[in-house]
Amino acid sequence: MDEFWANAIWSVAPTVLIGLMFWFVMRAVVRADRHERDAYARIEAEERAKRTGEHRAA
């Protein structure tokens with residue numbers, strides 16, 4: 001019976017490890033995208049503020 005559980009664990013381990021690796025990669029991609037969108041929104045807000053300031057001064 002001990003051999004059964006050892007074989008079961010060794011059979012499932014690669015799938016679990018690949019799943020964890022996929023999860024970490026996707027998590028990194030989603031976080032990077034979120035940070036990039038935040039930075040882009042900040043830049044857009046600054047540009048919008050500059051444009052509205054130019055229109056008021058003119």
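Can you confirm whether R27 is more than 15 Å from the chain's Cα centre (by Cα) and part of a helix (DSSP H, G or I)? In short, no. Being surrounded by 10 or more Cβ atoms within 10 Å (Cβ to Cβ) and not acidic (D, E) holds for only one residue in W10, W23, and it is W23.
Read-outs: derived from the displayed coordinates by stated rules, not from any lab. Treat the numbers as computed from the prediction; the structure is a model and nothing was measured. Cβ atoms come from the backbone with ideal geometry, glycine included; neighbour counts cover every protein chain shown.
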